[in-house]
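What follows is a set of notes on a single structure, which appears directly below.
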Amino acid sequence: MRHIRDFILHGLPPLLWLVLVWCALWQDFSVPNVAFGLLLSILVTYVFRMPRLYLSDRFNLWHSLKFLAYFLWGVTVASYQLAKLSFAFGKPINSAMVAVELRTRSDLFITATSHALSLIPGSLVVDVDRAHSILYLHVIDVDTPEGVEEYRVSAQKIEAMILRAAGHSDEYEALLREDVETDEDYARTVTAAERGEHELHEQDERKTVVNEIGGHDS
């Protein structure tokens with residue numbers, strides 16, 4: 001039973017995709033051609049075996065639309081910035097190599113993240129450390145440690161949006177826990193800041209009272 005479920009989830013989708021590609025190339029969806037395409041796909045997948053691609057067990061339409069909007073906006077902004085750089089004659093164009101450590105260990109989402117980052121003008125994945133889920137990117141117009149960190153955060157945000165859209169359940173739950181921890185850290189920071197402001201206000205009030213008492217005594 002487990003093998004059947006495993007085949008349906010991970011073996012059947014690429015098999016059907018190969019059949020679809022075969023029929024589309026021949027522009028023939030007749031029963032004999034579909035059957036021959038299926039036979040050929042089975043031979044290809046079992047003779048030339050590739051590492052198994054584990055698809056996700058969830059998909060969120062809302063997060064997918066958010067990612068698409070964010071991605072298109074990023075492409076638009078990056079295109080405009082590169083256009084400005086191309087007309088900035090005499091100004092040196094700096095670049096940097098940025099290492100981005102990803103959360104996911106899935107080949108599928110490492111690939112999806114690297115493609116999304118490479119499609120945004122000004123950045124290109126030049127190497128992948130698959131064992132440690134690290135992408136190495138060449139990024140234009142980045143020449144300071146602050147700029148490198150800013151790009152790294154933006155790249156990890158894109159990965160997080162992809163995982164929210166179609167990541168595995170355990171990865172999505174890890175993101176939710178990360179969001180909760182971030183909110184708690186922010187709340188503690190705000191509380192500490194408010195407490196500090198309150199203490200400063202009390203100190204100012206005490207100083208005012210002391211000064212008033214000193215003025216009356218004199």
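Any read-out appearing in this document is the output of simple, stated calculations on the displayed coordinates, not a laboratory observation. Keep in mind it's a predicted model, so treat the numbers as computed, not measured. Cβ coordinates were reconstructed from backbone atoms using ideal geometry, including for glycine residues, and neighbour counts include every protein chain displayed.
Along the charge dipole of region 70-173, Cβ charges K/R +1 and D/E -1, which of 162, 124, 110 sits furthest on the positive end?
Result: 124.
Quick one: Karplus J couplings for region 12-17, per residue in order, coefficients 6.51, -1.76, 1.60, θ = phi - 60°, nearest Hz, x for Gly and Pro?
Using θ = phi - 60°, the values come out as 6, x, x, 5, 5, 5 Hz.
Would you mind putting 133-141, 159-167, 88-96 in packing order, based on average other-beta-carbon counts within 10 Å, highest first?
Details: 133-141: 18.3, 159-167: 22.9, 88-96: 9.6.
Those peptides, ordered most packed to least, come out 159-167, 133-141, 88-96.
With a point put 7 Å past each Cα toward its Cβ, work out how far residue 69 is from residue 25 in nm, to one decimal.
The answer from the label model is 4.0 nm.
Say a paramagnetic label sat at a point 7 Å from the Cα of residue 129, along Cα to Cβ; which residues of region 74-113 have their backbone N under 20 Å from it?
Of the residues in region 74-113, 96-113 have backbone N under 20 Å from the label point off residue 129.
Take residue 59 and residue 45, extend 7 Å from each Cα along the Cα→Cβ direction, and tell me the distance between the two endpoints in nm.
1.7
Would you work out if region 61-167 is rounded, prolate or oblate? Take a ≥ b ≥ c from the square roots of the eigenvalues of the alpha-carbon gyration tensor; rounded if a/c is under 1.5, else prolate when a/b is larger than b/c, oblate otherwise.
Details: a/c = 2.45, a/b = 1.44, b/c = 1.70.
Oblate shape, in that a/c is at least 1.5 and b/c is the bigger or equal ratio.
Express in nm, to one decimal, how much length is gained between residue 76 and residue 181 on full extension, taking 0.36 nm for each residue of separation and deducting their alpha carbon distance.
So the extension gain works out to 34.6 nm.
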